[in-house]
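The values are calculated or read from the model by the stated rules, or taken from the named source; none is laboratory data. Only a predicted model underlies this, so the values are computations on that prediction, with no experimental measurement involved. A quick note on method: Cβ atoms are made from the backbone with ideal geometry, for glycine too, and the neighbour counts reach across all protein chains shown. Note: accessible area is taken over every heavy atom of the protein model, side chains too, but ligands, DNA and RNA are not part of it. Shrake-Rupley method; radii C 1.70, N 1.55, O 1.52, S 1.80 Å.
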Amino acid sequence: MVLLLFFILIVFSFLVYMWRIAKSDRIIEHHLQFPSFPESFGKLTIFFISDIHKRVVGEKIIQAAKEKADIVVIGGDLAEKGVPFSRIKENLGRLKEIGPMYFVWGNNDYEIDYHLLDATLLDFGVKILDNTSVTFESYQGDKVCLLGIDYLGANRDNIDLAVMDSAPNSFRILVSHDPSIVRKINPEHSIDLVLSGHTHGGQIRLFGMGPYEIGKVTVENDLTLLVSNGYGTTLVPFRLGAKPETHLIEITHSSS
């Protein structure tokens, strides 16, 4: 009996530990340099958050990102089934304090009334990037385009439409909830940077192993890919070996 109680205590303590990890707040700062990024922009700083799910964005995160980011990019799964719209509105209101907001759809966003979610996003001034693009232009006429695609797991994505909607000869940042979009990117798309989430870094990793790789930045064939561990959790409110994260991404020009 004593051994059973001891075992239960250990399991309970471990679950509390994983729950506390899942509720932690963290901003990772990235300094990315690209020869193709226009010098006339100086720098562009993006606050990137993905996979909020059931969480409320912590005030610590908001205060740390305010006055540092030029724009906010929400990489999908803002919500999921069972999340009240009052919480969605609370999160959008908080993120709006950081800067102008841009959004791409994730798979879990379609579990709720997505027509109402669409209207809510518009009410908060969020620009929805669903196979579309938005262009930023410097005083010298150089262009940076932020492209977004709809969730590709349901065949709603169309990267060609997003590219067609962007300015030619621009620096292109593609936002896709699912990082497997890289399989559909070809050199003609001229994508410089991809921002994504979806995988949660595996969420619960045992002995360093999980169903997905831990979030990270990789570079392959001149394409830079940032995959985030995400901010919230799915299925169970626990994390282990894959801490929640948000990102401040500073992009500048590099001569080499």
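Each residue was assigned an accessible area with a 1.4 Å probe, and for His115 the value is about 130 Å².
Nonpolar atom fraction for the chain, defined as the carbon and sulfur part of the 1.4 Å probe accessible area, stands at 56 percent.
Counting only heavy atoms of the protein chains, get the accessible area per residue of region 14-68 (1.4 Å probe) and round it to a whole Å² value.
On the way: 2900 Å² over 55 residues.
Spelled out: the 1.4 Å probe surface of region 14-68, per residue, equals 53 Å².
What does the charge count near Ser36 come to, summing +1 for each Lys or Arg and -1 for each Asp or Glu among other residues with Cβ under 13 Å from its Cβ? Don't jump to the answer; show the numbers that get you there.
Numbers: positive: Lys143, Arg172; negative: Glu39, Asp142, Asp192, Asp222.
Around Ser36, the charge tally is -2.
Across region 97-208, Cα-Cα pairs more than 25 Å apart make up 27 percent of the total.
Amide H contacts for Trp105 (H built 1.01 Å from N in the peptide plane; partners 5 or more residues away or on another chain; cut-off under 5 Å): Tyr151.
Length gained on full extension, Ile214 to Phe14, computed as 0.36 nm times the residue gap minus the Cα-Cα distance: 69.9 nm. Couplings 3J(HN,Hα) of region 42-58, computed from phi: x, 8, 10, 10, 10, 8, 10, 9, 9, 6, 6, 6, 8, 7, 9, 5, x Hz, in residue order, whole Hz [Karplus 6.51 cos²θ - 1.76 cosθ + 1.60, θ = phi - 60°; x for Gly and Pro].
With all protein chains present and a 1.4 Å probe, how do Met101, Met1 order by accessible area, largest first? The partial results should precede the final answer.
On the way: Met101 5, Met1 165 Å².
Per-residue accessible area, sorted high to low, gives Met1, Met101.
Does region 81-136 come out rounded, prolate or oblate by the C-alpha gyration tensor, with a ≥ b ≥ c the root eigenvalues, rounded set by a/c under 1.5 and, if not, prolate when a/b is larger than b/c and oblate if not? Here region 81-136 falls in the oblate category. To the nearest 10, the accessible area of Ser24 is 40 Å² with a 1.4 Å probe.
Across the chain, the volume of the C-alpha convex hull divided among the residues equals 139 Å³ per residue.
Annotation: per residue accessible area for region 96-226 equals 48 Å², rounded to a whole number [probe 1.4 Å, protein chains only]. To the nearest 10 degrees, how steep is helix 85-96 against the longest Cα principal axis of the chain, on a 0 to 90 scale? Tilt relative to the chain: about 50 degrees.
Considering all alpha-carbon pairs of region 149-256, what whole percent are spaced by more than 18 angstrom? Spell out each step's value before the answer.
Details: 3112 of 5778 pairs.
Value for region 149-256 (Cα pairs over 18 Å): 54 percent.
Close Lys pairs in region 1-109, defined as Cα atoms under 25 Å apart and 8 or more places apart or on different chains, number 24.
Within the full protein context, the accessible area of Lys89 is estimated at about 100 Å² for a probe radius of 1.4 Å.
The C-alpha atoms of the chain define a longest principal axis, and helix 2-22 lies at about 20 degrees to it.
Computing Rg and the Kirkwood Rh from the Cα coordinates of region 1-103 gives a ratio, Rg/Rh, of 1.16.
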